[in-house]
Amino acid sequence: MSTTQARAVRFDEYGDRDVLRVTEVPMPQPAAGEVLVEVRAAGINPGEAAIRSGAMHERFPATFPSGQGSDLAGVVTELGAGVTDFGLGDEVLGFSWQRSSQATHVVVPVSQLILKPAALSWEVAGALYVVGCTAWAAVEAVAPKPGETVAVSAAAGGVGTVVVQLLAARGAHVLGIASPANADWLTAHGATPVPYGDRLADALTAAAPGGIDAFIDLFGPQYVQLAVELGISRDRIETIISFQKAQELGTKSAGSADASTREVLTEMADLVASGRIEIPVAATYPLDGVRDAFAELEKRHTRGKIVLIP
């Protein structure tokens with residue numbers, strides 16, 4: 001790769017993982033208010049698989065050829081005109097709204113970056129944005145009070161692991177819905193594990209005899225329906241994924257876009273850097289292993305984040 005070329009994940013049509021490729025592209029050039037970042041780590045997320053497959057075409061249509069990725073961490077290598085927030089060589093983390101972070105280099109507006117705390121590894125820093133800001137928005141949506149009981153579906157996934165810890169830090173009693181394999185992790189992080197299955201409603205009721213005050217869905221519409229059937233107030237039911245169901249039932253659907261600010265990102269980075277919140281990294285893959293990375297992600301049994309290392 002020359003100084004005039006970068007490498008990036010691309011796809012030219014909707015489809016399964018086989019449509020993904022890594023190709024050489026012209027080196028991005030920062031415009032005014034932007035910087036060029038040499039990417040050291042870029043997290044992958046379930047929403048990217050849904051966009052690539054075409055399942056999200058109505059809400060988030062792709063323009064071909066399309067790149068991929070929001071999460072990123074790396075080093076500033078070039079400054080656009082007027083940039084004073086960062087200097088060459090600064091270590092940063094943040095996000096792209098151009099589906100472009102799964103690459104060796106990416107141009108990012110300075111408003112979407114913060115300095116990387118030294119205590120954060122590249123893998124964690126590159127995995128922080130989507131799960132951190134989405135979890136923050138989801139927790140804010142249900143406004144938990146100390147002592148309240150909040151149920152969380154997919155509690156051991158990328159966003160779920162952060163939601164559980166944020167809720168516990170606020171003094172909530174967390175019911176973490178996940179597979180039995182994640183019970184020990186959930187218990188160690190302040191949650192009561194509840195295995196998913198056919199008798200989930202009974203299991204939740206048994207775990208919270210005083211009732212459930214709020215529900216955060218991170219998996220699918222069946223959990224939004226379950227929350228309503230459990231008698232939880234609809235203004236305290238939140239989903240980050242089941243938008244149609246939320247609209248149908250009048251529940252909430254806040255997501256990362258509702259918390260995509262430097263202030264929230266800085267708060268989450270500080271919580272992780274200080275050790276008050278853990279972001280588990282399940283696996284790392286080279287950029288050329290992007291198909292394998294999504295194959296693992298799409299099993300939907302990963303605890304924490306999967307990260308590409310360009």
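Each reported figure results from applying straightforward, stated rules to the coordinates on display, with no laboratory input. Note that the coordinates shown come from a computational prediction; the quantities given were computed from them, not determined experimentally. Positions of Cβ are generated from backbone atoms using ideal geometry, with glycine treated the same way; all protein chains shown enter the neighbour counts.
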Specify which labelled value, from (1) 28.5; (2) 15.3; (3) 17.1, agrees with mean projected area of the Cα convex hull in nm² derived from the coordinates of the model shown.
(2)
Take the chain, connect every pair of alpha-carbon atoms lying under 10 Å apart with a spring to form a Gaussian network, then pick out the residue of E123, E263, E298 with the largest mean-square fluctuation.
E263
Looking at segment 184-264 from every direction and averaging, what is the projected area of its Cα convex hull in nm²?
6.6
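Loop only by DSSP, 13 or fewer other Cβ within 10 Å of the Cβ. Give me the trypsin sites (Lys or Arg not before Pro) in segment 277-310 that pass, ordered by residue number.
Values: sites: R291, K299, R300, R303, K305; in loops: K299, R300, R303.
Those satisfying the criteria are K299, R300.
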Let me check against my output: what whole-number percent is the relative contact order of segment 37-117, with C-alpha pairs under 8 Å and at least 6 apart?
35
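Using the Cβ atoms and a cut-off under 11 Å, what net charge is assigned to the surroundings of A138, where Lys and Arg are +1 and Asp and Glu are -1? Write down the numbers at each step before the final one.
Details: positive: K252; negative: E140, D217, E238, D258.
The answer is -3.
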If you build a Gaussian network model of the chain, linking Cα atoms that sit under 10 Å apart, which residue out of A151, A141, A55 swings the most?
A55
Positive-end extreme of charge dipole, the chain - chosen from G197, V139, L115 (charges on Cβ):
G197
Please check: in the Gaussian network model of the chain (C-alpha springs, under 10 Å), which one of L265, L249, L167 has the largest mean-square fluctuation.
L249
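Provide the percentage of antiparallel DSSP beta bridges, counting only those with both residues in the chain; round to the nearest 5. Before the final figure, lay out each step's value.
Values: 30 of 51 bridges.
Roughly 60 percent of the beta bridges in the chain run antiparallel, per DSSP.
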If the cut-off is 17 Å between C-alpha atoms, which aspartates and glutamates fall inside it for K305, apart from same-chain ones fewer than 8 positions away?
E48, D71, E123, E278, D292, E296
Please list, or write none, the aspartates and glutamates whose alpha carbon is within less than 18 Å of the alpha carbon of K245, excluding same-chain residues fewer than 8 places away.
E58, D217, E229, D235
Taking the Cα centre of segment 1-67 as origin, sum charge times position over the Cβ atoms of Lys and Arg (+1) and Asp and Glu (-1), and report the length of that vector in debye to the nearest 20.
120
May I ask you to list the lysines whose Cα is less than 21 Å away from that of K145, ignoring any residue fewer than eight positions away on the same chain?
K252
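Counting Lys +1, Arg +1, Asp -1, Glu -1, what net charge surrounds E24 among other residues with beta carbon under 13 Å of its beta carbon? Intermediate values should be presented prior to the final figure.
Values: positive: R7, R10, R21; negative: D288.
My count for the surroundings of E24 gives +2.
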Low-density loop GluC sites (Glu not before Pro), segment 1-102, at most 12 other Cβ within 10 Å, DSSP non-H/G/I/E/B, are E13, E58
Can you tell me the dipole magnitude for the chain around its Cα centre, using point charges on the Cβ only (Lys, Arg +1; Asp, Glu -1), in Debye to the nearest 20?
240
Relative contact order for segment 79-127: what is it in percent, counting Cα pairs under 8 Å that are at least 6 residues apart?
40
With a point put 7 Å past each Cα toward its Cβ, work out how far R59 is from S274 in nm, to one decimal.
3.2
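Run the dipole for segment 1-118 about the Cα centre, Lys and Arg Cβ at +1, Asp and Glu Cβ at -1, nothing else charged, and hand back the magnitude in debye, nearest 20. Each step should come with its number before you reach the end.
Values: 9 positive and 14 negative charges, 31 e Å.
Once rounded to the nearest 20, the dipole reads 140 debye.
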Between 0 and 90°, nearest 10: helix 158-169 axis offset from the chain longest Cα axis:
60
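I want the local charge near V228. Using Cβ-Cβ distances under 15 Å, sum +1 for each Lys or Arg and -1 for each Asp or Glu among the other residues. List each step's numbers first, then the result.
Details: positive: R234, R236, K245, K252; negative: D213, D217, E229, D235, E238, E248.
Combined, the nearby Lys, Arg, Asp and Glu give -2.
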